[in-house]
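Below is one structure, written out as structure tokens; comments come after it.
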Amino acid sequence: MKYENKIRKALQTKNHIMLEEIFEEIYKEYYNLISYIISKYETNNMIMEELVDDVFYNFYQSLFKTDIKNIKYYLVQTSKNITINHIKKKKIDIIYDEEVVLKEKYNDSQSIYNEIIQKMENILTEYEINIIILHHIYD
């Protein structure tokens, strides 16, 4: 809630410098999370970066139109929506099923998390691994 309150205060006082500083803090804090979420769907790094930029651009524009109650939730949802829209534009059929997406992502040998997942598989059940992954993604 710290960012939400700061944003409200900056908007009320029309302090655009303060608003940009808050936005930079939010960007730094949530960049990795948004990149991670988008990387579940898009493996091309250039496109992934563009989609991350789109998420944060959309977020910044929304600050002036919408009272965002939970920034993290907003960014996560926006990243999913923007990425899915991107995939639809590429005419790729996608069935969004969280369990299927998790299995697809972590069966991918290019995944940077593949080694960690393999180590967890020796100790934990698939269900427990999915809980950890979802906790990591959605906190």
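The values are calculated or read from the model by the stated rules, or taken from the named source; none is laboratory data. Since this is a predicted model, take the numbers as computed values, not measurements. Here Cβ is always computed from backbone atoms with ideal geometry, including for glycine, and neighbour counts include all displayed protein chains. When the accessible area is computed, the model is the full protein with side chains, heavy atoms only, and any ligands, DNA or RNA have been set aside. Shrake-Rupley method; radii C 1.70, N 1.55, O 1.52, S 1.80 Å.
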Take GLU29 and decide whether it is at pLDDT 90 or above and surrounded by 11 or more Cβ atoms within 10 Å (Cβ to Cβ).
-> yes
Enumeration of residues in segment 1-26 that are outside any helix (DSSP H, G or I) and open to solvent by 80 Å² or more (accessible area, probe 1.4 Å) | MET1, THR13, LYS14
Could you tell me which of the residues TYR31, TYR27 is under 15 Å from ILE71 (Cα atoms), without any contact (Cβ under 8 Å) to a residue 40 or more places away in the chain and in contact with a Phe, Trp or Tyr (Cβ under 7 Å, 6 or more places away or on another chain)?
-> TYR27
Residues being of a type outside the set (D, E, K, R), without any contact (Cβ under 8 Å) to a residue 24 or more places away in the chain and open to solvent by 80 Å² or more (accessible area, probe 1.4 Å): count how many of those fall in segment 42-80.
-> 4
